[in-house]
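Structure first, commentary second.
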Amino acid sequence: MNSRPTGSAFPVMGEEDSTSVNTRSAVEVFDSKSYTRFCDLVYDQCGILLNEKKRSLVEARLGKRLRQLNLDSLKSYITLLEHGEGREEMVQMLNLISTNVTSFFRENEHFNLLHRLVDDWAGQGVKRLRIWCAAASTGEEPWSLAMVIQEAAAGRIADIKLLGTDISTRVLEQCQRAEYEDRKLEPVSTARRERWFQRVAAANGEVHWRVRDELRRLALFRRLNLVRTPYPMKGPLDVIFCRNVMIYFDNPTRKRLMENMEQLLRPGGYLFVGHSESLAGSLSSLQRVAPSVYRRETP
C-alpha cells in the first residue's frame, strides 16, 4: 500500500451530522487505528487525501452504509473492502465519499475560448473532433461542452465524439439520464435551453429539462479511476477538460495524471484545468496560453 501524505485535506464531503452506527459509540466504531487504515486504503485506491479534519464527515457518510451491511465497526468494513468479494463494495464506498460540485458553464471563460477554437478548426476544414471530460460529475460540464461544440462547429465537423468519465457510478447514471431540475439550468440562456433541452414533467410534478438527442448522440460516459493506468481510451485527443480535480491529489499523483493526459493530447491540442489549479511548468510540452489553459506544442 502506498504511503499516504498527511498534510492535505480532501474536501469531498459536505457538512453533515455525524451518527453512530448502532448503540456502540462512534469512538468504538471508528477507532483511530481503523480510520488511519481506511484513509490509507482510499489513498491507495484513488489518490484521494483524507485527514483527521474529515473524520466526523466520514463517520456520517459511512455510518448508514455500515448499518445496511450489518457491520459493527469500520475495521469490519475495511476487511470487506480488502477482500475479493468487496470489489463491488469498493465502488459503493467511492460513491459515498465523493461529492460533486458542478454547474452548467462553470468558469465560463473556458467555454468561450473553446467556442473560438472549434470555430477556427471548422474553418480550417477539420472534420474530426475528440474531446474528453475527465471528471464528468453529474453531467453539467460535458453537456455544456457538447452545446458549445455543436454551436461552434455549425455542421462543419462531421465526426464529433465526447467522452465523459468519473470514478462515481452514481453520478454517471445522472449523466446518462441527462435530465435536470429547473433550478439547475439557471446558468443556461433561454435560447440554449430552448434549442438543446426538452421540457418534461417529473414524477413529483416539478419541471425538469432533458438534453435533446442531437447532443446525446455525441456523448459516451464511462467509469474511470484517473490514478489507474493505462487509460482505456486512445489518442490523439483535441481537447481535455480536467478541471477542479488536481486539488484532491498530492503532488506526485498530480504529476502522473498530467503526464498521462499530455500523452493523449495531439500536438496543438488543449488541456483545461480549474482556475485554482496550475501545472507550474511541470510538463515541458504544455505551454500556458490563457488562465488555466495549456496547449501541447507542435514538433
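The listed residues are Asn251, Asn244, and the only one of them that is outside the structural domain of Cys46 (by TED's automatic domain parsing) and at positive phi turns out to be Asn244. The residues listed here are Arg192, Arg222; of these, the one that is over 20 Å from His110 (Cβ atoms) and either among the charged types (D, E, K, R) or touching an Asp or Glu at 6+ places or on another chain (Cβ under 9 Å) (or both) is Arg222. Only one of the numbered conditions (1) part of a helix (DSSP H, G or I); (2) modelled with pLDDT of 90 or more; (3) of a type in the set (A, V, I, L, M) is not met by Leu71, and that is (1).
Elements of the type helices (runs of 4 or more DSSP H) sitting completely within region 81-153 and holding at least 3 residues that are at pLDDT below 95 and out of contact with any Gly (no Cβ under 6 Å at 6 or more places or on another chain): these cover 87-97. Checked against the criterion of being touching a residue at least 24 places away in the same chain (Cβ under 8 Å), surrounded by 15 or more Cβ atoms within 10 Å (Cβ to Cβ), touching a strand residue (DSSP E or B) at 6+ places or on another chain (Cβ under 7 Å) and polar (S, T, N, Q), region 160-171 has at least one qualifying residue. Set side by side, the residues Thr298, Thr190 differ, and just one is of a type in the set (Ser, Thr, Tyr) and modelled with pLDDT of 90 or more, which is Thr190. Applying the condition of being free of Cβ contacts under 8 Å to residues at least 40 places away in the same chain and not in a loop (DSSP other than H, G, I, E, B) to region 205-243 and asking which residue is farthest from Leu163 (Cα to Cα) yields Val207.
Would it be correct to say that Arg170 is charged (D, E, K, R), over 25 Å from Glu262 (Cα atoms), assigned to a helix (DSSP H, G or I) and touching an Asp or Glu at 6+ places or on another chain (Cβ under 9 Å)?
Working: charged (D, E, K, R): yes; over 25 Å from Glu262 (Cα atoms): yes; assigned to a helix (DSSP H, G or I): yes; touching an Asp or Glu at 6+ places or on another chain (Cβ under 9 Å): no.
In short, no.
The residue of region 29-63 that is surrounded by the fewest Cβ atoms within 10 Å (Cβ to Cβ), among those that are assigned to a helix (DSSP H, G or I) and among the β-branched types (Val, Ile, Thr), is Thr36. When you go through Arg216, Arg254, Arg210, Arg228 one by one, which is the residue that is touching a strand residue (DSSP E or B) at 6+ places or on another chain (Cβ under 7 Å) and not acidic (Asp, Glu)? Of Arg216, Arg254, Arg210, Arg228, the one residue that is touching a strand residue (DSSP E or B) at 6+ places or on another chain (Cβ under 7 Å) and not acidic (Asp, Glu) is Arg210.
The values are calculated or read from the model by the stated rules, or taken from the named source; none is laboratory data. These numbers come from a predicted model, not from an experiment. Reconstructed Cβ throughout: ideal geometry from the backbone, glycine too, with neighbour counts over all protein chains shown.
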